[in-house]
Amino acid sequence: KDRWPTQNEKYKSENIGSWCMTQRRRKKQLTPEQTAKLDEIGFPWSVHNERWEHCLKLLKEYRQEHKDRWPTQNEKYKSENIGSWCMTQRRRKKQLTPE
């Protein structure tokens, strides 16, 4: 899959998801070499940006399959609650103030 581990996800009996979260929290304490190694593999420093990009990609796929409609509020697509994500985006847009 094209994704990073979630917070509690294990890999080979290690909690790799927790380790990733720790690296994000400790970014300022990491050495430049450690940061560079994580950057080299495309480590996502912001989980929120990664998830947003993932959901946007899924929404584009959804719209290619369903050209005549948008997902309903509780609709899931490829195991992601894409309908809820769309509702959140609409709500956030309304909360933005013109700059």
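The values are calculated or read from the model by the stated rules, or taken from the named source; none is laboratory data. Not measured: the values here are computed from a predicted model. Methodologically, a virtual Cβ is constructed for each residue, glycine included, from the backbone with ideal geometry; neighbour enumeration extends over all protein chains shown. Only protein heavy atoms, including side chains, enter the accessible area calculation; ligands, DNA and RNA are left aside. Shrake-Rupley method; radii C 1.70, N 1.55, O 1.52, S 1.80 Å.
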### Task
Hey, can you tell me all the residues within region 7-49 that are open to solvent by less than 90 Å² (accessible area, probe 1.4 Å) and either among the hydroxyl-bearing types (Ser, Thr, Tyr) or assigned to a loop (DSSP other than H, G, I, E, B) (or both)?
GLU9, ASN15, SER18, THR22, LEU30, THR31, THR35, GLY42, PHE43, PRO44, TRP45, SER46
### Single unsatisfied condition, GLN64 versus (1) open to solvent by less than 100 Å² (accessible area, probe 1.4 Å); (2) modelled with pLDDT of 95 or more; (3) not in a loop (DSSP other than H, G, I, E, B)
(1)
### Residue match in region 69-77 (condition: open to solvent by less than 100 Å² (accessible area, probe 1.4 Å), assigned to a helix (DSSP H, G or I), in contact (Cβ under 8 Å) with a residue 12 or more places away in the chain and more than 25 Å from ARG24 (Cβ to Cβ))
no
### Task
Taking only region 4-32 into account, find how many residues are more than 15 Å from the chain's Cα centre (by Cα) and of a type in the set (Asp, Glu).
1
